[in-house]
Amino acid sequence: MKKLFDNILSFFYPRICVACGQALQQHEELLCLRCMLHLPETHFHKEHDNSLKYIFAGRVKVEEVASLMYYKKGNAVQKILHGLKYKGQKELGRKLGLYYGQQLLQEPRFQSVDYIVPIPLHPKKLRKRGYNQSEWIAKGLSKGMQKPYLTDVLVRSQHTETQTRKSRFNRWENVKEVFAVQHSERVEGKHLLVCDDVLTTGATMEAAIQQLLTIEGVSVSVVTLATAQG
């Protein structure tokens, strides 16, 4: 009966792939198999000195930097990120985080990660959106990498304007003092993996890393679902 009900429901309210808009098969969730197989993956996690690492060169010390997919205006990744961030499709973060986490787990350089730390939202923006997309990415990464995630070490202490259309300098000015750390004793001497949805100029991530590096003995790596670089 349940299968029949699901079939009737899908006839009137078809589930569609976030990326391509085609109807999903019964076993598919959010993204169709074809789109999953054709994600524009970067494979940066396999390269220690990839182009993303140079975003932070001379600015802040990072161990590893990687992104799952290439982001370009109009491509499927843009639709995925839009769904994740603005359309309430938070499960996309967990699904893709899990997918990438399983890949990261195979790389020795990421196996030393102790905790996953999502970029936080300011409480005002969190109330408006209803969820933090980076936290949902962290949930997926946590399962895929078999590492715990923490949401109470890095906090956002100031509300900022959107970063869209800002230059790198203006982005940095917009976020340089918005993060703070708490419960630092929990992560002293640990390797933290900071995650977010997309890496562009790196200004937001840089500001977060600077705060985390004030904790004694901490080392930081970075992972995002997508990047416009490369």
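The values are calculated or read from the model by the stated rules, or taken from the named source; none is laboratory data. Every value quoted in this text rests on a predicted model; they were computed, and no experiment measured them. In this analysis, Cβ positions are derived from the backbone assuming ideal geometry, glycine residues included, and neighbour counts consider all displayed protein chains. These area figures cover heavy atoms from the full protein model, side chains too; ligands, DNA and RNA do not enter into them. Shrake-Rupley method; radii C 1.70, N 1.55, O 1.52, S 1.80 Å.
Side notes on the structure shown:
- One residue stands out in the range 38-51 among those that are more than 29 Å from C17 (Cα to Cα) and in contact (Cβ under 8 Å) with a residue 60 or more places away in the chain: the one that is least open to solvent (accessible area, probe 1.4 Å), namely N50.
- Only one of the numbered conditions (1) outside any loop (DSSP other than H, G, I, E, B); (2) touching a helix residue (DSSP H, G or I) at 6+ places or on another chain (Cβ under 6 Å) is violated by Q89, and that is (1).
- Any chance K143 is surrounded by 19 or more Cβ atoms within 10 Å (Cβ to Cβ) and within 15 Å of the chain's Cα centre (by Cα): no
- Search result, residues across the range 183-225 that are in a loop (DSSP other than H, G, I, E, B) and at pLDDT 95 or above: H183, V187, E188, G189, K190, L213, T214, I215, E216, G217, V218
- The set of residues from the range 64-107 being farther than 18 Å from T42 by Cα and open to solvent by 60 Å² or more (accessible area, probe 1.4 Å) comprises H82, Y86, K87, K90, E91, R94.
- Check on K95, of a type in the set (K, R), closer than 19 Å to M145 by Cβ and in a helix (DSSP H, G or I): yes
- Residues in the range 52-63 that are in contact with a strand residue (DSSP E or B) (Cβ under 6 Å, 6 or more places away or on another chain) and either surrounded by fewer than 16 Cβ atoms within 10 Å (Cβ to Cβ) or more than 20 Å from A208 (Cα to Cα) (or both): there are none.
- Summed over the range 1-36, residues that are in a helix (DSSP H, G or I) and at pLDDT 95 or above total 4.
- Of residues in the range 146-182 being modelled with pLDDT under 95, open to solvent by 60 Å² or more (accessible area, probe 1.4 Å) and hydroxyl-bearing (S, T, Y), the one farthest from the chain's Cα centre (by Cα): S157
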